[in-house]
């Protein structure tokens, strides 16, 4: 078990009160697993990613435990997390363009980064060139400023730098959203390549695009309004989802081959609930076509078949 | 109704504008009433530039855009305003399309001041309600709110409602659903399809092939500013002839097929910069650039 998260709660401090962005999340990621994390904007997926590596100033740890390779990650303590960051847990941010220091050449920036972690740069730098080559970039990149690289090249450079120290867990936050389809494919396949070569042990890929996850993820975790809705192996989520939210989400995806004239798709009516004062019971009930009286109680996130967990009272019956 | 005749756009770049960067090269197509034309391409393909030229937001370097028989590139003042009565655009980011200081319905007030100063308040409210209803919004839910209180899908629909207040014939929709969530995306897309059935011509600009395929009648695939393939949507998607189109289609992530199962396309030769590929008609309403 590479990563185990147990009942993690992280709230955002605002003037109006606490926004319950992450409200009791429990899951685990196995060694060598690529777990996709999907959901609408504001469902807490990025908060989950961030809370595993670095809280921003508005985030407040409430409760829960995170274990990585058997050791507890002190996520609530930014100082104590320092030895873990980059070496054990690494992040590829959404905007690779703004993750690179514009005033440094790539090579110098990486050396500074390694020094800040107390590492010599000799061995790591030759490893860096080798890995850049693997993703189709030449050594010349090291002598360039970020502005000289295209979006896809920057994204790949950041991917290589973040995984340089072979972290145990890699969090990729919406890294394909801003890219063209052909670059998107290359970047997604690079992620899988990193896992296959053992550069990273396990991975959490955060995206709103279920079809990308279908291509690369081993399992998919669907979040809704700060809580977990469904977790299952990728094929199960795509072909036989149990949670009504997952079903609606999948049926609203236009695919190549589906045409308005032949098959009219429908979206999900309504909006996610405000997380400042979330509703009691099932948070999806207000938009759910199956909602019934029992949905006023919060459904447990329980296993309906091996490896398939659903938070819905009606997960068995429909 | 709207006809583009061999339009090109060259940006001057470099310190003194010495270097020329062709963004759009010899593009021609037509939009008929009740027709959705998708412009599909990756970044740098010139799709947004074409939209901006139709909206007269950037001047055309060469070629003509004809709207109902009038060349729009020379329109000035009152005539240009008349053009905007019929042709409007909606853009990608709903949050930056609004002034956060004003309430979201301020966009309707500006339309009234500019185009309908004589209309009475009562009559205007009537039209506004009809327009909001057409885009599937409840006036009580959206009027009097600030942009940050509304969702991205609501904001985009408000912008479409604003366009509908005019006697609009062409809507340029530039990536209008790229920033929306999957669950609301399809609603805005269905809204465009409804409007098309009422006779509106839509130029739908996107990088997402599945969205273009879902709604459009005609598809134009662009690469480096030039058309590589164009024709009826079912022909371009059903029988793609240009290797670039095939490569794009093979890269789209899908739920019913994995990348590994799709035959990879051989690498494309980079298009030479100088020459514009010539379009050849290979079938009924299906044009492909010669390779």
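Cα gyration tensor of segment A:222-318, axes a ≥ b ≥ c as square roots of the eigenvalues: rounded (a/c below 1.5), prolate (a/b > b/c) or oblate?
Oblate.
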Inset, instruction - Pull out a ≥ b ≥ c, the square roots of the eigenvalues of the alpha-carbon gyration tensor of segment A:98-166, then state rounded if a/c is under 1.5, prolate if not and a/b is larger than b/c, and oblate in the remaining case. - result: oblate
Legend entry - Within 10 Å of each Cβ in B:207-219, the average number of Cβ atoms from other chains: 4
Inset, instruction - Using just the helices of chain A, give the 222 nm mean residue ellipticity in deg cm²/dmol: DSSP H runs with n ≥ 4 each add -39,500 (n - 2.57), and the total is spread over all residues, rounded to 500. - result: -7500 deg cm²/dmol
Legend entry - Using alpha-carbon coordinates, inclination of helix A:106-116 to the longest axis of chain A, degrees: 80 degrees
Inset, instruction - Please give the helix A:151-162 orientation as an angle from the longest Cα principal axis of chain A, in degrees from 0 to 90, rounded to the nearest 10. - result: 80 degrees
Inset, instruction - Can you tell me how much longer the chain between residue B:130 and residue B:95 gets when fully stretched, taken as 0.36 nm per residue apart minus their C-alpha distance, in nm with one decimal? - result: 10.2 nm
Legend entry - Average partner coverage of A:175-183, which counts Cβ from other chains inside 10 Å: 5
Inset, instruction - Give the residues of segment B:26-47 whose amide nitrogen is closer than 17 Å to a point set 7 Å from the Cα of residue B:66 in the direction of its Cβ. - result: B:27-33
Inset, instruction - Enter the Cα centre distance for the pair segment A:116-140 and segment A:235-270, rounded to the nearest angstrom. - result: 43 Å
Legend entry - Shielding by other protein chains, A:261-274, mean Cβ within 10 Å: 4
Inset, instruction - Quickly estimate the mean residue ellipticity at 222 nm for chain B, helices only: each DSSP H run with n ≥ 4 gives -39500 (n - 2.57), and the total goes over all residues, rounded to 500. - result: -9500 deg cm²/dmol
Legend entry - residue B:291 versus residue A:258: modelled label distance in nm, points set 7 Å from Cα along the beta carbon direction: 3.1 nm
Legend entry - Whether the protein assembly as shown is rounded, prolate or oblate, judged on the alpha carbon gyration tensor where a/c under 1.5 counts as rounded: oblate
Inset, instruction - Provide the FRET efficiency to the nearest 0.05 for the residue B:113-residue A:240 pair, computing r from the beta carbons and using R0 = 51 Å. - result: 0.40
Inset, instruction - For chain B, give the share of DSSP beta bridges that are antiparallel, in percent and rounded to the nearest 5; count only bridges with both residues there. - result: 60 percent
Inset, instruction - Please report A:2, A:41 as a ranked list, fewest other C-beta atoms within 10 angstrom at the top and most at the bottom. - result: A:41, A:2
Legend entry - Inter-label distance for residue B:81 and residue B:167, nm, one decimal - labels placed 7 Å from Cα along Cα-to-Cβ: 1.6 nm
Legend entry - Pair residue A:197, residue A:304: separation of 7 Å Cα→Cβ label points (nm): 4.0 nm
Legend entry - Likely footprinting exposure, A:76, A:313, fewest C-beta neighbours within 10 Å first: A:76, A:313
Legend entry - Principal-axis tilt of helix A:181-196 within chain A, Cα atoms, nearest 10 degrees: 80 degrees
Legend entry - Paramagnetic reach from residue A:98 (point 7 Å along Cα→Cβ, amide N under 19 Å) across segment A:1-42: A:41-42
Inset, instruction - For residue A:15 and residue A:286, compute 0.36 nm times the residue count separating them, minus their Cα-Cα distance, and round to one decimal in nm. - result: 94.9 nm
Inset, instruction - Using a Förster distance of 25 angstrom, determine the FRET efficiency expected from the C-beta separation of residue B:232 and residue B:73, and round it to 0.05. - result: 0.30
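Where a number appears in this text, it was derived from the coordinates with a stated rule and is not lab data. From a predicted model like this one, the values you see are computed outputs, not experimental measurements. Ideal geometry is used to build each Cβ from the backbone, glycine not excepted, and the neighbour counts take in all protein chains shown.
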